[in-house]
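Reviewing the structure listed below.
The values are calculated or read from the model by the stated rules, or taken from the named source; none is laboratory data. All values reported here derive from a predicted model rather than from experimental measurement. Note that each Cβ is placed from the backbone with ideal geometry, even for glycine, and that neighbours are counted across all protein chains shown.
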Amino acid sequence: MARQLTQQEIDAVFRKRQQEGGPDSAGPKAAPFDFRRLDRIPKSQLRAIRLLHDNFVRNLASSLSAYLRTYLAVNLVSVEQLSYAEFLDGLSSPTCLVCLGLRPYDGTAVLELNPGMAFPILEVLMGGKSKTSRPLDREITEIERNLLEGLLRIILRDLKEAWETITSIDFKVDSMETDPQMLQVLDPGEAFVATGIEVRVGEAIGMMNLAIPSLIIKMMRNKFTHQGPGRKGKPSESDQSRMLGRVLRARLRLDIRMQGQALPLRELLALEPGDALTFDYPVSRPLEGLVEGQPKFRGEVVSQGRQRAFVLRELSDAGP
């Protein structure tokens, strides 16, 4: 018959097992769990966000250069996950801190334009040259805030277009502060995806930092899988209209050419000042219209007041 072990015998078995196998073989150890830990998103989703913001900074460089009418370079520096408290600790004070609504999502993002970026742009907007000088350590005035509204509209427009590949987010300015510690609208332990962007205006270098709650990004997990910026397939209607809008602003060279008779090289080399060349070109023969050196149209030259004009009669079948 089986008998039950006494408590002393059970304790002796456990002590003997620990002495033989050592402390590592005593079984799995309990790992400490911090219930305040960051609600982290997968690395694959973080890579997709980096690709998305790569497109954003490229478009932003073109938009701001056209807006400021000066050379401007924008580079993506980092994309990482931080708590809101860590994000605020990395910001300078005073600075330009913008609280953004993320409609239709129930959340708040934070955009920071540090003085190294904001003041050179303000100088360009007011006619300056954004030369390197002593950094300004002061708050932005009310007039300067109004000037920055146009800049923010361009930034948020390009940011919205970049996120259209994932989902539609309407970024709206809710408030603006100069002291990071005054913008305590969020839980300090809440996780954020922080994006650092370097902006070069002339000889000045500054940073723009964007923080979006990780919880909202986790809600888009399926959209990142099926509609991420690295996906293959037919582009969306918004992508097509954006690309068409950029192509339509491109400038092309249009030339009107009258094809004359051929001339041997030896006669061309024998030409001297005062020689006359005859072009056997009938008046009724249409002229070629070339776009970037490629024949595209046929037509004729007419008078428009005191100016000459070219009337398109037909499409050319000689070009590609």
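Is there a residue in the stretch 106-115 that is among the hydroxyl-bearing types (Ser, Thr, Tyr) and surrounded by fewer than 19 Cβ atoms within 10 Å (Cβ to Cβ)?
No, the stretch 106-115 contains no residue that is among the hydroxyl-bearing types (Ser, Thr, Tyr) and surrounded by fewer than 19 Cβ atoms within 10 Å (Cβ to Cβ).
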Among the residues of the stretch 33-43, is there at least one that is closer than 29 Å to ARG249 by Cβ and either at pLDDT below 85 or in contact with a Gly (Cβ under 8 Å, 6 or more places away or on another chain) (or both)? no
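Quick one: which of SER214, SER241 is modelled with pLDDT of 85 or more, surrounded by 10 or more Cβ atoms within 10 Å (Cβ to Cβ), of a type in the set (S, T, N, Q) and under 28 Å from PHE171 (Cβ atoms)?
Within the list SER214, SER241, the selection yields SER214.
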Here is a list: ASP170, ASP158, ASP187. Which entry is within 28 Å of ILE49 (Cα to Cα), surrounded by fewer than 18 Cβ atoms within 10 Å (Cβ to Cβ) and at pLDDT 85 or above? ASP170
